[in-house]
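Computed from the coordinates by the stated procedures, all read-outs in this text should not be read as laboratory data. Quick caveat: nothing in here was measured; it's all calculated off a predicted structure. Cβ atoms come from the backbone with ideal geometry, glycine included; neighbour counts cover every protein chain shown.
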Amino acid sequence: MSEDGIVIVGAGQAGFQAAVSLREGGYIGAVTMIGNEASLPYQRPPLSKAYLAGKVDATGLFLRAPAFYVDHHIACETSVHAVSIDRAARHVRLSDGRDFSYDHLILATGSRNRPLPVPGADLTGVYQLRSVVDADRIQAALGEAQNITIVGAGFIGLEFASICAARGLSVTVIEAADRPMARAVSEPIGAFFREAHEKAGIRFLFGSGVTAIEGRDGRVDGLRLSDGTTCASDLVLIGIGVVPNQELAVEAGVRVEDGIVVDSVLLTSDPSISAIGDCARFPTRFAAHGAARVESVQNAIDQGRCVAARMTGHAAPYDAVPWFWSDQGGHKLQMVGLPVSSDISVRRPTAGGFAVFRYRGSHLTGIETVDSAAEHMAARRIIARGLSPTPDEAADPAFDLKSLAMGRGGA
Ligand code: FAD
């Protein structure tokens, strides 16, 4: 390798992990992270949980203290965009005009919130939640707000809804589907969280869309809904999913398809460029169609590790079992496997809550748990090993899941 070393575009969860794992794996060349946020790498999950609830402060979000990067010779360029890649010359151009040459480039550009394409989406009081800057703006606005409307009953929207309800605010959630988290979780899980949120005073409008956000003097005061009614609101959070940050790759002629396409070792169509985290579409046995783009901390961390292992002489296909969590209204939801539509959902009681086993045909594709940490850990092993207890076994509380997970019996 030359002295150019490894350049990582995106100083989020995946980029950070790649940099750290490169050093842990003994890589001695230059490692440079380029990030367009002002902060050093930080965790996003608390933004819609403990941070907005005031239980964690900004320093508690950081993945490492500033000295760590100095000690490990990881250069962090913050508040600067990578604007283009010259693949022939192997350099990245930054928004401040500088060029960084690379031996290998890692794209870890993450995703951004999907905009709501209706009039009024730019009014004051309309927010999206992706960064610590967004969270601080929302926190400041919450002090003045009474009527909160959340567009989209996904994970972030519902986490935010439960924090607002706990503050005694009036909360309405508008959702196009007929249940919460419809794309991600089974019906029993959706029904459980709907009931829990409604008990906390949250109002749901299912099967409903937003046609306009209305305001006075540039500030939001309500939403116009698809049935012609209005919903009074002084703070709106849009949470309707994300899109991958893939433009750098597109403009450089690297293959994309709802995400930067990578192979089993996370290399893009250019062998000098890898892609990891939210922005990457990778082959996986856990997806119904053989490939997926996954937005989770687990995926960002494991792909960061995988790419660093390859570059330090330990190449192996990426095959980590996907898992995710969400904290809503005092309940912990954990999921293993990727969300694929299931033919059968089997409910199993647990000591602290319940689990749902999701089958496609006779094949177990995912396990969701509520307030059941031990079962979640067993579920990770079961899905990773490709095991399929029968639906009857899954539903039977006497059937020993832990033994099955540890390979001591069962299927
Ligand atoms: P990111 O962490 O988004 O990092 C990408 C970085 O690249 C960003 O800083 C971006 O600004 C920067 N960037 C993009 N383009 C450029 C460019 N051209 N030049 C320079 N920099 C660039 N996951 C879970 O598993 N559980 C949870 O409970 C959970 N909660 C979440 C709550 C919130 C509010 C949010 C926003 C996300 C949550 N997630 C959760 C998702 C998780 O945080 C992401 O999947 C994870 O951060 C992905 O890591 P990443 O490095 O791929 O992307």
How big is D for the stretch 233-307, in µm² s⁻¹ as a whole number, if Stokes-Einstein is applied with the Kirkwood radius of its Cα pairs at 20 °C and 1.002 mPa s? 162 µm²/s
Quick one: how many lysine pairs in the chain have C-alpha atoms under 21 angstrom apart, if they're 8 or more apart or on different chains? 5
Computed over all unlike Cα pairs, the Kirkwood hydrodynamic radius of the stretch 111-178 in Å stands at 12.8 Å
Once you've got the GNM for the chain with C-alpha springs shorter than 10 Å, pick whichever of GLY215, GLY304, GLY143 has the biggest mean-square fluctuation. GLY143
What percent antiparallel are the DSSP beta bridges of the stretch 136-282, to the nearest 5? 40 percent
What's the Cα-based Rg to Rh of the stretch 297-368, Rh via Kirkwood? 1.10
Solvent-free Debye scattering, log10 I(q)/I(0), computed from the Cα coordinates of the stretch 257-408 at q = 0.11, 0.18, 0.20 Å⁻¹: -0.46, -1.04, -1.19
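When only Cα pairs under 8 Å and 6 or more residues apart are kept, what is the percent relative contact order across the stretch 1-67? Don't jump to the answer; show the numbers that get you there.
Numbers: 67 pairs, mean separation 21.8, N = 67.
Relative CO of the stretch 1-67 lands at 33 percent.
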Once Lys and Arg get +1 and Asp and Glu get -1 on their Cβ, which of LEU333, SER296, ALA374 lies farthest toward the positive end of the dipole of the stretch 295-401? SER296
Using distinct alpha-carbon pairs, which all enter the 1/r mean, Kirkwood radius of the stretch 116-245 in Å: 14.7 Å
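Just how large is the dipole of the chain about the Cα centre, in debye to the nearest 20, putting +1 at every Lys and Arg Cβ and -1 at every Asp and Glu Cβ? Before the final figure, lay out the partial values.
Details: 38 positive and 45 negative charges, 145 e Å.
My answer is approximately 700 debye.
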Calculate, axis by axis, the spread of Cα positions in the stretch 1-96 along the three principal axes, and write the results as whole Å, longest axis first. 48, 30, 17
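Using a cut-off of 12 Å between beta-carbons, work out the net charge of the residues near ALA200 (Lys and Arg +1, Asp and Glu -1, ALA200 not included). Intermediate values should be presented prior to the final figure.
Working: positive: ARG167, ARG194, LYS199, ARG203; negative: GLU195, GLU198.
Here the charged neighbours net out to +2.
Which of the DSSP-defined H helices in the chain satisfy a minimum axial length of 20 Å, computed from C-alpha atoms, and a minimum mean Kyte-Doolittle hydropathy of -0.5?
297-311
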Checked against the positive end of the charge dipole of the stretch 1-143 (+1 on Cβ of Lys and Arg, -1 on Cβ of Asp and Glu, about the Cα centre), the farthest of SER21, LEU116, ILE8 is LEU116
Share antiparallel - DSSP beta bridges, the chain, percent rounded to 5: 60 percent
Simple SL model, points at 7 angstrom along Cα→Cβ for SER362 and SER39; separation in nm is 4.9 nm
Could you give me the percent of Cα pairs per 10 Å distance bin for the stretch 323-411, shortest bin first, beginning at zero and ending with the bin that holds the maximum distance? 19, 57, 23, 1
Please provide three numbers in whole Å: the alpha-carbon extents of the stretch 219-259 along the principal axes, with the largest listed first. 46, 23, 13
Percent relative contact order for the chain, counting Cα pairs under 8 Å at least six residues apart, stands at 15 percent
If you add up the charges near ALA395, with Lys and Arg at +1 and Asp and Glu at -1, over every other residue whose beta carbon is less than 12 angstrom from its beta carbon, what do you get? -1
Charge context of VAL340, other residues only, Cβ under 13 angstrom, K/R +1, D/E -1: +2
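Which three semi-axes in whole Å describe the equivalent ellipsoid of the stretch 40-161, each the square root of 5 times a Cα gyration tensor eigenvalue, listed largest first?
Output for the stretch 40-161: semi-axes of 33, 20, 12 Å.
State the Kirkwood hydrodynamic radius of the stretch 145-197 in Å, one decimal place, computed from all pairs of distinct Cα atoms. Please list the in-between numbers first.
Values: mean 1/r = 0.0892 Å⁻¹.
Averaging 1/r across every pair of different Cα atoms and inverting gives 11.2 Å.
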Cα Rg, Dmax, the chain, angstrom units: 22.2, 67
Given contacts defined as C-alpha pairs under 8 Å and at least six residues apart, what's the relative contact order of the stretch 1-158, whole-number percent? 27 percent
If one builds a Gaussian network model of the chain from Cα atoms under 10 Å apart, the most fluctuating residue listed among GLY330, GLY35, GLY259 is GLY330
Run the quick spin-label model on ALA316 and LEU63: label points 7 Å from Cα toward the beta carbon, then report their separation in nm to one decimal. 2.1 nm
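Between GLU247 and ASP122, what length in nm is gained on full extension when 0.36 nm per residue of separation is reduced by their alpha carbon distance? The partial results should precede the final answer.
On the way: separation 125, 0.36 × 125 = 45.00 nm, distance 2.30 nm.
Answer, rounded to one decimal: 42.7 nm.
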How do the peptides 313-322, 234-243 rank, highest first, by the average count of neighbouring beta carbon atoms within 10 Å per residue? 234-243, 313-322
